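Enquirer: One structure, as structure tokens, below. Some questions next.
The values are calculated or read from the model by the stated rules, or taken from the named source; none is laboratory data. Being a predicted model, the structure only gives us computed values, none of them experimental. Reconstructed Cβ throughout: ideal geometry from the backbone, glycine too, with neighbour counts over all protein chains shown.
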Amino acid sequence: MVIGKPHIEEKFRSILEKVSDPEIPVLTVLDLGVVREVIATGKKVDIKITPTYSGCPAMDTIAADIAMAFEAAGYTTNIELILAPAWTTDWISSEGRSKLEAYGVAAPLSESQDKRALLDGERVLKCTLCGSTNTKMISQFGSTACKALFQCQDCLEPFDYFKCLK
């Protein structure tokens, strides 16, 4: 298994690019980095996926959506959920980070900046609307457990922050 960005054949990449994360629909499963391995034997495809955190409720939907996309392309699938190595926000692609920001969700900061924002209350997180760092955390948990809720103190817009996971 490849740590980081796995090699995926182009024909399978084009199928996976059509499968969105059910919680953040602007992200594909490739943007999110949850697809770890795709191995084909003829028309049978084995796919390994890693949850963004153990117990992520979206993984069943993601697995079903991947299976449907491959079946629509004429393949049968075996999808395996793997827990090790654990998913990290480092696996979100640069395109995925840009899509998050455009969607109104602040992309994960570095581990040290994440702790400064979430634990120390430092204003290091940029508002996704106006770009100000005059932001404050409203809640450790946003619309999902992997996000925190922040508010810009300049434009007053609330926004989610995708927490850094290592």
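Enquirer: Answer yes or no as to whether Ala106 is touching a Phe, Trp or Tyr at 6+ places or on another chain (Cβ under 9 Å) and either on the phi < 0 side of the Ramachandran plot or not basic (Lys, Arg) (or both). Lay out the reasoning, then the answer.
Expert: Values: touching a Phe, Trp or Tyr at 6+ places or on another chain (Cβ under 9 Å): yes; either on the phi < 0 side of the Ramachandran plot or not basic (Lys, Arg) (or both): yes.
Yes; evaluated as a whole, the condition is true for this residue.
Enquirer: Considering only the range 30-54, state which residues are among the polar types (S, T, N, Q) and either touching a strand residue (DSSP E or B) at 6+ places or on another chain (Cβ under 6 Å) or surrounded by fewer than 16 Cβ atoms within 10 Å (Cβ to Cβ) (or both).
Expert: Answer for the range 30-54, where residues must be among the polar types (S, T, N, Q) and either touching a strand residue (DSSP E or B) at 6+ places or on another chain (Cβ under 6 Å) or surrounded by fewer than 16 Cβ atoms within 10 Å (Cβ to Cβ) (or both): Thr41, Thr50, Ser54.
Enquirer: Also, quick follow-up: Any idea which of (1) surrounded by 14 or more Cβ atoms within 10 Å (Cβ to Cβ); (2) out of contact with any Gly (no Cβ under 8 Å at 6 or more places or on another chain) is the one Ile92 doesn't satisfy?
Expert: Ile92 satisfies all of (1) surrounded by 14 or more Cβ atoms within 10 Å (Cβ to Cβ); (2) out of contact with any Gly (no Cβ under 8 Å at 6 or more places or on another chain) except (2).
Enquirer: Tally time: how many residues in the range 85-139 are more than 18 Å from Leu156 (Cα to Cα) and polar (S, T, N, Q)? Lay out the reasoning, then the answer.
Expert: Looking only at the range 85-139, we keep the residues that are more than 18 Å from Leu156 (Cα to Cα), and these are 85-100, 107-116, 118-120.
Right, trim to polar (S, T, N, Q) and you get 88-89, 93-94, 98, 110, 112-113.
Qualifying residue count for the region: 8.
Enquirer: Test Ala86 against the stated conditions and say whether it is of a type in the set (Gly, Ala, Ser), surrounded by fewer than 18 Cβ atoms within 10 Å (Cβ to Cβ) and in a loop (DSSP other than H, G, I, E, B). Reasoning before the result, please.
Expert: Details: of a type in the set (Gly, Ala, Ser): yes; surrounded by fewer than 18 Cβ atoms within 10 Å (Cβ to Cβ): yes; in a loop (DSSP other than H, G, I, E, B): yes.
So Ala86 passes the test.
Enquirer: Taking Cys155 as meeting all but one of (1) farther than 25 Å from Ala58 by Cβ; (2) in contact with a strand residue (DSSP E or B) (Cβ under 9 Å, 6 or more places away or on another chain), write down the number of the exception.
Expert: Just one mismatch for Cys155, condition (2).
Enquirer: Continuing with this model, one more query. Sort out which residues of the range 83-98 are of a type outside the set (Gly, Ala, Ser) and in contact (Cβ under 8 Å) with a residue 60 or more places away in the chain, and write them in order of number.
Expert: Kept after step one, since they are of a type outside the set (Gly, Ala, Ser), are these residues of the range 83-98: 83, 85, 87-92, 95, 97.
Listed by number, the residues that qualify are Pro85, Trp87, Thr88, Thr89, Asp90, Trp91, Ile92, Glu95.
Enquirer: Continuing with this model, one more query. Please determine whether any residue of the range 115-130 is more than 15 Å from Thr52 (Cα to Cα), without any contact (Cβ under 8 Å) to a residue 60 or more places away in the chain and acidic (Asp, Glu).
Expert: Taking the range 115-130 as the starting set, the residues that turn out to be more than 15 Å from Thr52 (Cα to Cα) are 115-130.
Pick out the ones that are also without any contact (Cβ under 8 Å) to a residue 60 or more places away in the chain and you get 115-130.
In the following step, the residues that additionally are acidic (Asp, Glu) were identified as 120, 122.
The answer is yes, given that some residue of the range 115-130 is more than 15 Å from Thr52 (Cα to Cα), without any contact (Cβ under 8 Å) to a residue 60 or more places away in the chain and acidic (Asp, Glu).
Enquirer: Also, quick follow-up: Quick test for you: out of Leu129, Leu125, Leu109, pick the one residue that is of a type in the set (A, V, I, L, M), part of a loop (DSSP other than H, G, I, E, B) and surrounded by fewer than 17 Cβ atoms within 10 Å (Cβ to Cβ). Give the derivation first.
Expert: Details: Leu125 fails: surrounded by fewer than 17 Cβ atoms within 10 Å (Cβ to Cβ); Leu109 fails: surrounded by fewer than 17 Cβ atoms within 10 Å (Cβ to Cβ).
So the residue among Leu129, Leu125, Leu109 that is of a type in the set (A, V, I, L, M), part of a loop (DSSP other than H, G, I, E, B) and surrounded by fewer than 17 Cβ atoms within 10 Å (Cβ to Cβ) is Leu129.
Enquirer: Looking at Gly96, is it under 19 Å from Leu165 (Cβ atoms), within 20 Å of the chain's Cα centre (by Cα), in the same structural domain as Val29 (by TED's automatic domain parsing) and not β-branched (Val, Ile, Thr)?
Expert: On the way: under 19 Å from Leu165 (Cβ atoms): yes; within 20 Å of the chain's Cα centre (by Cα): yes; in the same structural domain as Val29 (by TED's automatic domain parsing): no; not β-branched (Val, Ile, Thr): yes.
Criteria not met by Gly96.
Enquirer: Does Glu23 count as of a type outside the set (Phe, Trp, Tyr), assigned to a helix (DSSP H, G or I) and within 18 Å of the chain's Cα centre (by Cα)? Spell out the reasoning first.
Expert: Details: of a type outside the set (Phe, Trp, Tyr): yes; assigned to a helix (DSSP H, G or I): no; within 18 Å of the chain's Cα centre (by Cα): yes.
It is false that Glu23 is of a type outside the set (Phe, Trp, Tyr), assigned to a helix (DSSP H, G or I) and within 18 Å of the chain's Cα centre (by Cα).
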